[in-house]
Amino acid sequence: MTEQKYTRQKVLQVREWVPGKLLSIKVSRPDNFKFKGGQYARLGLSEKIETDTEPSIWRAYSMVNGPDQTPLEFYSIVVPEGEFSPRLAALKPGDTIYIDNTVFGFLTADRFEPGGTLWMIATGTGLSAYLSMLNDPATWAAFDQIILIHGVRTKDELAYSEEIRQWQADSGTQALPAKFVYLAIPTREPMPGVPQERITTLIENGELEKLAHCPLDPDRNKIMLCGNPEMLADARAILKKKGFAVGRRGNPGNLAVENYW
Ligand SMILES: Cc1cc2nc3c(=O)[nH]c(=O)nc-3n(C[C@H](O)[C@H](O)[C@H](O)COP(=O)(O)OP(=O)(O)OC[C@H]3O[C@@H](n4cnc5c(N)ncnc54)[C@H](O)[C@@H]3O)c2cc1C
């Protein structure tokens, strides 16, 4: 990559949600860096952070902040044996991080016809892409209802839940017109009001529709899936039987999927 294809940015803030496991990082926003909620950036790090040499490792990260918000924010898992994420977790305010000038990705709210209900179904850090969409007022204006489902293993992995609950409190107002439903579903410990089950099981047995008080009618609902590829493949197969399919050749479809690995 030549110098023009990426910019050198500064780490502004690091927030640990679960030490050594989940963190958010705020980074200065490059000039003219435009994106849609749900798109992702490519972040680059040098081999040795201390020497500030040119980047040699790159990874995809969905923006958490909305398209009009500054600075950039990313939400990351730490994979202990991973090449990139432990280095990301070691960054401190003032350190250098590189950002590719190009943004990528098609998991955006404008890929669907407006109206009806938009389901945002995430496992783990797959939540990031939806946070960016929810940080964009256009998403709230485009749909009658938004249902956010966040599947995690344990309750401490429910990052951003305070911000999300605030959206819930403010939804249905002029600022955030859509009705909003938030279901946080841990699989390894009980949580009041939700079954301790995998999201795929809850889609298949019809329980998720009951919890969200919204039947999965394929004519009125659009579904996004983001996160763990195994869950996504299973969910996609189940949803196909219920009438949901990814769009193609000019047809927007009613299903969109983004794998994180
Ligand atoms: C389009 C896209 C968007 C992405 N956005 C994000 C994001 O917003 N936040 C984020 O944390 N990651 C995101 N990722 C994954 C990210 O690019 C890295 O793979 C991840 O941070 C781990 O990097 P690594 O080099 O440490 O490990 P890698 O060598 O990249 O991955 C090693 C293994 O770790 C596991 N793994 C990788 N990513 C995750 C994850 N997110 N959650 C659970 N297990 C994982 C997989 O088993 C993978 O095989 C995204 C990936 C893609 C393709």
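The values are calculated or read from the model by the stated rules, or taken from the named source; none is laboratory data. Everything quoted here is computed from the prediction, not taken from an experiment. Every residue, glycine as well, gets a Cβ built from its backbone with ideal geometry; the counts of neighbours run over all protein chains shown. SASA here: full protein model, heavy atoms, side chains in, ligands and nucleic acids out. Shrake-Rupley method; radii C 1.70, N 1.55, O 1.52, S 1.80 Å.
Out of region 83-96, which residues are within 11 Å of the ligand (Cβ to nearest atom) and buried (at least 17 other Cβ atoms within 10 Å of the Cβ)?
Passing the criteria: PHE84, SER85, ARG87, LEU88, ALA89.
Please name all residue pairs, on different chains or six or more residues apart, with Cβ atoms under 7 Å, provided the first residue is in region 52-78 and is at pLDDT 95 or above and the second residue is among the acidic types (Asp, Glu) and near the ligand (Cβ under 7 Å from one of its atoms).
ILE57/GLU83
Identify the residue in region 43-82 that is open to solvent by 50 Å² or more (accessible area, probe 1.4 Å), in contact with a strand residue (DSSP E or B) (Cβ under 6 Å, 6 or more places away or on another chain) and part of a loop (DSSP other than H, G, I, E, B) and, among all such residues, is nearest to the ligand (Cβ to nearest atom).
GLU47
Within region 175-191, track down each residue that is modelled with pLDDT of 95 or more and either under 18 Å from the mean Cα position of the chain (by Cα) or open to solvent by 70 Å² or more (accessible area, probe 1.4 Å) (or both).
Within region 175-191, LYS179, PHE180, VAL181, TYR182, LEU183, ALA184, ILE185, PRO186, ARG188, PRO190 meet the criteria.
Which residue out of ILE121, ILE147, ILE164, ILE99 is open to solvent by less than 30 Å² (accessible area, probe 1.4 Å), under 22 Å from LYS21 (Cα atoms) and not in a helix (DSSP H, G or I)?
From the options ILE121, ILE147, ILE164, ILE99, the qualifying one is ILE121.
Read through the list (1) away from the ligand (no atom under 14 Å from the Cβ); (2) over 17 Å from the mean Cα position of the chain (by Cα), then give the number of the only condition that ILE99 fails.
Of everything listed in (1) away from the ligand (no atom under 14 Å from the Cβ); (2) over 17 Å from the mean Cα position of the chain (by Cα), ILE99 misses just condition (1).
Just name the residue that is farthest from the ligand (Cβ to nearest atom) out of those in region 150-161 that are open to solvent by less than 60 Å² (accessible area, probe 1.4 Å) and in a helix (DSSP H, G or I).
SER161
From the residues in region 205-234 that are within 18 Å of ALA184 (Cβ to Cβ) and within 16 Å of the ligand (Cβ to nearest atom), which one is most open to solvent (accessible area, probe 1.4 Å)?
In this case the residue turns out to be ASN228.
Got a number for residues in region 247-258 being more than 21 Å from GLN145 (Cβ to Cβ) and surrounded by 15 or more Cβ atoms within 10 Å (Cβ to Cβ)?
Within region 247-258, residues that are more than 21 Å from GLN145 (Cβ to Cβ) and surrounded by 15 or more Cβ atoms within 10 Å (Cβ to Cβ) number 1.
Of the residues in region 22-32, how many are touching a strand residue (DSSP E or B) at 6+ places or on another chain (Cβ under 7 Å) and either in contact (Cβ under 8 Å) with a residue 60 or more places away in the chain or more than 16 Å from PRO93 (Cα to Cα) (or both)?
Residues in region 22-32 being touching a strand residue (DSSP E or B) at 6+ places or on another chain (Cβ under 7 Å) and either in contact (Cβ under 8 Å) with a residue 60 or more places away in the chain or more than 16 Å from PRO93 (Cα to Cα) (or both): 6 in total.
How many residues, within region 18-38, are assigned to a loop (DSSP other than H, G, I, E, B), within 18 Å of LEU134 (Cα to Cα) and either in contact with a Leu (Cβ under 6 Å, 6 or more places away or on another chain) or open to solvent by 50 Å² or more (accessible area, probe 1.4 Å) (or both)?
Step one: list which residues in region 18-38 are assigned to a loop (DSSP other than H, G, I, E, B), which gives 19-21, 28-38.
Cutting the leftovers down to within 18 Å of LEU134 (Cα to Cα) gives us 34-38.
Add one more test, that the residue is either in contact with a Leu (Cβ under 6 Å, 6 or more places away or on another chain) or open to solvent by 50 Å² or more (accessible area, probe 1.4 Å) (or both), and what stays is 34, 36, 38.
Qualifying residue count for the region: 3.
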